[in-house]
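A short worksheet on the structure shown next.
The values are calculated or read from the model by the stated rules, or taken from the named source; none is laboratory data. Nothing here was measured: the structure is a model prediction, and the numbers come from that model. Reconstructed Cβ throughout: ideal geometry from the backbone, glycine too, with neighbour counts over all protein chains shown. Surface areas here come from the heavy atoms of the whole protein model, side chains and all, with no ligands, DNA or RNA. Shrake-Rupley method; radii C 1.70, N 1.55, O 1.52, S 1.80 Å.
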Amino acid sequence: MSDSWDDYADGWDTNSDVINYSEKAFDSLCEFIDLEGLRVLDFGCGTGLLTEKIAHVASSVVAVDASAKMIEALRRKNIHNVDSLACEISKDSINNHAIFEPRFDLIVASSVCAFVPDYENTLSTLKLLLKEGGTFIQWDWKRSNEEEDFGFTNEIITNTYANVGLCAVRVCEAFSLTSKSGTMQVLMGIAKNT
Ligand SMILES: C[S@@+](CC[C@H](N)C(=O)[O-])C[C@H]1O[C@@H](n2cnc3c(N)ncnc32)[C@H](O)[C@@H]1O
């Protein structure tokens, strides 16, 4: 497996596992929140599979990803109410880009948080981008007993919300995905910036 997300950009939109993940994430998102009229940040948007679905209903989406190639693929889709930026979110970068103003009603992170170098620090930065009362929603692979360094547990997510001052609404198994390597559960974490 490559260390660079750029290397996955070309095949991302035709990968059936990735397509399935984004469809199931979108369904679980819509079960929880009405997207109409919302200003949304899609953190770690990749090529925008989830971004595009959200943009059909929400007022606007800002899509951010550290991979320039992923963002190039998203831009080729020309989605009228999506602004995008290739950037790693940090306390400095959010102050240097006008795209992050005004703050967001909803931030989504689909299969991203378990890949960032410092989950707690990333969440504390994302919290700064949420309006008061805004919602943060993430999906990540559930950690299995065999692979203790991959994915998250319910406890890791809940404790990290508490550490950064987000109010946990729910952490649950949202869906599972079956591929050649077996069946894996996906955790959905939902928190409010109260
Ligand atoms: C598994 S992919 C998920 C992409 C997309 N959310 C989807 O569901 O198709 C993880 C993505 O997170 C992005 N990423 C990883 N660390 C990041 C960071 N610190 N800031 C922004 N994006 C990051 C990667 O570039 C990659 O596109």
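If you check ALA55, ALA73 for being within 15 Å of the ligand (Cβ to nearest atom) and within 15 Å of ALA9 (Cα to Cα), only one passes: ALA73.
The single condition among (1) over 15 Å from GLN138 (Cα atoms); (2) in contact with a Ser or Thr (Cβ under 8 Å, 6 or more places away or on another chain) that ALA98 does not satisfy is (2). Scanning region 65-80 for residues that are more than 16 Å from the chain's Cα centre (by Cα), small (Gly, Ala, Ser) and under 19 Å from SER93 (Cβ atoms) returns a single hit, ALA68.
Each row is one residue, and each column tells you yes or no for (1) within 17 Å of PHE136 (Cα to Cα); (2) under 13 Å from the mean Cα position of the chain (by Cα).
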site: ILE19; (1), (2): no, no
site: CYS30; (1), (2): yes, no
site: LEU49; (1), (2): no, yes
site: SER60; (1), (2): yes, no
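Checking each residue in region 99-137 for being among the basic types (Lys, Arg) and part of a loop (DSSP other than H, G, I, E, B) picks out only ARG103.
Residue-by-condition table, conditions (1) surrounded by 23 or more Cβ atoms within 10 Å (Cβ to Cβ); (2) free of Cβ contacts under 8 Å to residues at least 40 places away in the same chain; (3) not polar (S, T, N, Q):
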residue	(1), (2), (3)
ASP6	no, no, yes
ASP10	no, no, yes
ASN15	no, yes, no
ILE19	no, yes, yes
PHE32	no, no, yes
LEU41	yes, no, yes
GLY44	yes, no, yes
ILE54	yes, no, yes
SER67	no, no, no
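Here GLU173 meets the list (1) open to solvent by 10 Å² or more (accessible area, probe 1.4 Å); (2) part of a helix (DSSP H, G or I); (3) within 24 Å of PHE26 (Cβ to Cβ) almost entirely, failing just condition (2). For ASN78, the conditions (1) within 16 Å of GLN138 (Cα to Cα); (2) away from the ligand (no atom under 15 Å from the Cβ); (3) open to solvent by 10 Å² or more (accessible area, probe 1.4 Å); (4) assigned to a loop (DSSP other than H, G, I, E, B) all hold with the exception of (1).
Regarding ASP83, is this residue more than 22 Å from VAL186 (Cβ to Cβ), open to solvent by 50 Å² or more (accessible area, probe 1.4 Å) and under 17 Å from the mean Cα position of the chain (by Cα)? So that I can check it myself, show each step before the final result.
Working: more than 22 Å from VAL186 (Cβ to Cβ): yes; open to solvent by 50 Å² or more (accessible area, probe 1.4 Å): yes; under 17 Å from the mean Cα position of the chain (by Cα): yes.
For ASP83, the condition - more than 22 Å from VAL186 (Cβ to Cβ), open to solvent by 50 Å² or more (accessible area, probe 1.4 Å) and under 17 Å from the mean Cα position of the chain (by Cα) - is met.
Name the residues in region 23-44 that are within 14 Å of the ligand (Cβ to nearest atom) and small (Gly, Ala, Ser), would you? Of everything in region 23-44, those that are within 14 Å of the ligand (Cβ to nearest atom) and small (Gly, Ala, Ser) turn out to be ALA25, SER28, GLY44. For region 10-22, the count of residues that are in a strand (DSSP E or B) and within 9 Å of the ligand (Cβ to nearest atom) is zero.
With ILE137, ILE156, ILE89 as the choices, which residue is under 17 Å from ARG170 (Cα atoms) and within 13 Å of the ligand (Cβ to nearest atom)?
Values: ILE156 fails: within 13 Å of the ligand (Cβ to nearest atom); ILE89 fails: under 17 Å from ARG170 (Cα atoms).
Within the list ILE137, ILE156, ILE89, the selection yields ILE137.
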